[in-house]
Amino acid sequence: MTRNRFSPIAAFILCCALLISGCTAAPAQEPASTSATTPAWLPPQTDAPPSTTQNPVDMQQALNDMTPVLDSITRAMGVLGRVPYAPDDPEFFWAVLYLMSESWGDTHPLVKREDDGTVVMPGQVMQEFAAAAFYGCDALPALPASHSAAIDYDQDYDIYRIAPSDGIDAEIVLRGYYVKDDGTINAMMYLSSPDDDIQPGTLMFSLAVNPYANDADTAYCYSVTGVESITGDSDLWRAADAMQPITADLNGDGIEETIAVVVDEEQYTTTVTVTSGDTVLTDVSDSALFGPICHIGDVTAGDGAKELYICGDIASDDYVTYIYRIQNGTLQRAEIFGTVMFADGGGTLPVITVVNVLGSYAGYCQYALGDDFTFTLSSPYAVLRYIGDWEDRKLTVAKDGISAIPVASTTSATIPLSKGEELMLAETDEMNYVILERRDGSQLLVNVEKNEEEWGWLINGIPEEEWFGMLMYAG
């Protein structure tokens, strides 16, 4: 059977476009662990509870509208010394607001840019920007003296004047995003620049519904609750050059070993050699990791030991991560199909991989460290979404006969899917089920099973192509 061929990893790397619009969709749930009070610049909030569903097209629009916020935070973290996301630090707080005001302020209808480039904006707009960049922010901290030359505040008129800047020739790029069960969003962003000296890396943004979105005329339906660097160096994760000797304490004895990585493309092997004094440990795998990218990580913080992570391409865009550690005097290797994004120190590893159900997709999942240095899948696969994916990857039901269980239902009662209905794959365990999303945001669970006779999956014992027509599989 003929299938369309494409690269699922490359497919989700798309640029965000700034499309300013109001928050017309009902918000998803906000995190249970956070709260926010109504700031003075907003009218009192109503007692009506927020809806927990949101139209996916509007949600993608809302992510587009968050471009000024995500761009400004990325520049503040990635360009200005890669500092951490620190809402309580006035220096960082106002650095983000300066970048957002100077670069994006004049896209707001209440803001103007004067002939000399100075941006003039009322205080309520600055509050609006702050509430989107820092979840629950209901008051602006005092302006640090270090920012006085760039930001001038007229308290009598509640007006900010933002000095112009030359800026940086770069654009924000959305690598992908996924929606969590509680309605919050994780989005991966980076800055693309023609300047090779600017390498800000990729940031993972956590977004929740802006608690003030329904009470103010704002374009920012979401608010940033946290940001983590997933490619920069940290105590738990640092880059290493596979072409040079690597030093790290893999066994936790306080003495760094010397590590050599050799990829033999002719013999199709990857050899890792660890030397400590007179002790030499070697592991030879039967796959060549082309273009290896190395990191030293710590999957379990506090144990004193580190691991070596090597990610490379073993076939055509088929990425595998080898993980090495020293245990009881031996060099052990574990394998994960996909790209380990970083080590979080808590015993789990976030992974971007390929999901092959109803087509090939880029997916996000987590692996947990178990006994004997084995990593097992500890979450379902969340399909990484991107702006425009409905046009690229929608599934159209070809005939009647599929029964689905509404995810939001409290019973196991099924409903039929109609011929011509458009759906999007949102989640799967690659074993027993898929969750399909309608354009109205509702989700449906459909049981699937592996086709044991040929490649693919069965629904009600019938091959998937008979239900959805030609599917886009990689390979």
> Which whole number of Å³ per residue matches the convex hull of the alpha-carbon atoms in segment 389-430?
Replying inline: 102
>> Taking the Kirkwood radius as the inverse of the mean 1/r across Cα pairs, report the Rg/Rh of segment 368-439.
In response: 1.08
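Can you check how the C-alpha radius of gyration of segment 59-157 compares to 2.2 N^0.38 Å, as a plain ratio? Show your work: numbers first, answer last.
Numbers: Rg = 13.2 Å, N = 99, 2.2 N^0.38 = 12.6 Å.
So the Cα radius of gyration is 1.05 times the expected 2.2 N^0.38 Å.
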> When the Kirkwood radius is taken over all Cα pairs of segment 193-352, what Stokes-Einstein diffusion coefficient follows at 25 °C and 0.890 mPa s, in µm²/s?
Replying inline: 140
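Count charges around residue 355 for me, please; just the other residues with Cβ under 11 Å from its Cβ, Lys/Arg as +1, Asp/Glu as -1. Please report the intermediate quantities before stating the final value.
Values: positive: none; negative: 427, 429, 430.
Net charge in that neighbourhood comes out at -3.
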> Which of the lysines could a cross-linker bridge to residue 394, judged by Cα under 21 Å and excluding same-chain residues fewer than eight apart?
Replying inline: 180, 419
> At q = 0.20, 0.23 Å⁻¹, what base-10 log of I(q)/I(0) does the Debye formula yield for segment 312-415 when every alpha carbon is treated as an equal point scatterer in vacuo?
Replying inline: -1.12, -1.27
> Quick one: if you stick a label point 7 Å off each Cα along the C-beta vector at residue 400 and residue 159, how many nm between them?
Replying inline: 6.7
> Of all accessible surface on segment 384-475 at a 1.4 Å probe, what whole percent is carbon and sulfur?
Replying inline: 52
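For segment 261-362, count the residues as N, evaluate 2.2 N^0.38 Å, and divide the Cα radius of gyration by that value, please.
Numbers: Rg = 14.6 Å, N = 102, 2.2 N^0.38 = 12.8 Å.
Ratio of Rg to 2.2 N^0.38 Å for segment 261-362: 1.14.
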> What would the Debye formula give as log10 I(q)/I(0) at q = 0.12, 0.24 Å⁻¹ for the alpha-carbon point model of segment 207-295, no solvent?
Replying inline: -0.57, -1.20
> What does the charge count near residue 69 come to, summing +1 for each Lys or Arg and -1 for each Asp or Glu among other residues with Cβ under 12 Å from its Cβ?
Replying inline: -2
> Going by accessible area, probe 1.4 Å, with all protein chains left in place, what is the ranking of 431, 126, largest first?
Replying inline: 431, 126
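The values are calculated or read from the model by the stated rules, or taken from the named source; none is laboratory data. None of these values were measured; they are calculated from a predicted model. Note: ideal-geometry Cβ built from the backbone for every residue, glycine included; neighbour counts use all protein chains shown. To get the accessible areas, we keep the full protein, side chains included, count just its heavy atoms, and leave off ligands, DNA and RNA. Shrake-Rupley method; radii C 1.70, N 1.55, O 1.52, S 1.80 Å.
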